[in-house]
Amino acid sequence: MKVNGEIFTLTQPTRLTDYLAQRGFNTGRVAVELNGDIVPKGAYETTILSDADTLEIVHFVGGG
């Protein structure tokens, strides 16, 4: 699987929410593109990732 330009091995299909949690992302503060399509936050729980997928994850940070 390719994530933000880096190659990672995904040994089994994984829910997007589980993958984000394992990588330390707060699902309320990220936007995810899967294979060129934006994934709506409401679909994170039901979206299944495979090793052939390409993800782009953007993490929002606050500032001032």
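The values are calculated or read from the model by the stated rules, or taken from the named source; none is laboratory data. Bear in mind the structure is a predicted one, so any value in this text is a computation, not a measurement. Neighbour counts are summed over all protein chains in view; Cβ atoms, including those assigned to glycine, are modelled from backbone coordinates with ideal geometry. For the accessible areas, the whole protein counts, side chains as well, though only heavy atoms, and no ligand, DNA or RNA atoms are used. Shrake-Rupley method; radii C 1.70, N 1.55, O 1.52, S 1.80 Å.
Give the label of the value calculated from the structure for Cα Rg over 2.2 N^0.38 Å, choosing from (1) 1.07; (2) 2.42; (3) 0.99.
Evaluating Cα Rg over 2.2 N^0.38 Å on these atoms matches (1).
Using a cut-off of 15 Å between beta-carbons, work out the net charge of the residues near Pro13 (Lys and Arg +1, Asp and Glu -1, Pro13 not included).
Cβ neighbours under 15 Å give a net charge of -3.
For Arg15, which sequence-distant residues (separation of 5 or more, or a different chain) have an amide H within less than 5 Å of its own amide H, given hydrogens modelled in the peptide plane?
Amide H to amide H, under 5 Å and 5 or more residues apart or across chains, Arg15 pairs with Leu49.
Please state the relative contact order of the chain as a whole percent: Cα pairs under 8 Å, 6+ residues apart?
It rounds to 47 percent for the chain.
What accessible area per residue, rounded to a whole number of Å², is obtained for the chain using a probe radius of 1.4 Å?
Dividing the accessible area of the chain by its residue count gives 64 Å².
If you take every residue apart from Thr54 with its C-beta less than 10 Å away from the C-beta of Thr54, what net charge results, scoring Lys and Arg +1 and Asp and Glu -1?
Around Thr54, the surrounding residues sum to -2.
Can you give me the % of accessible surface on the chain that is carbon or sulfur? Probe 1.4 Å, all protein chains present, nothing else counted.
The C+S portion of the solvent-accessible surface of the chain is 52 percent.
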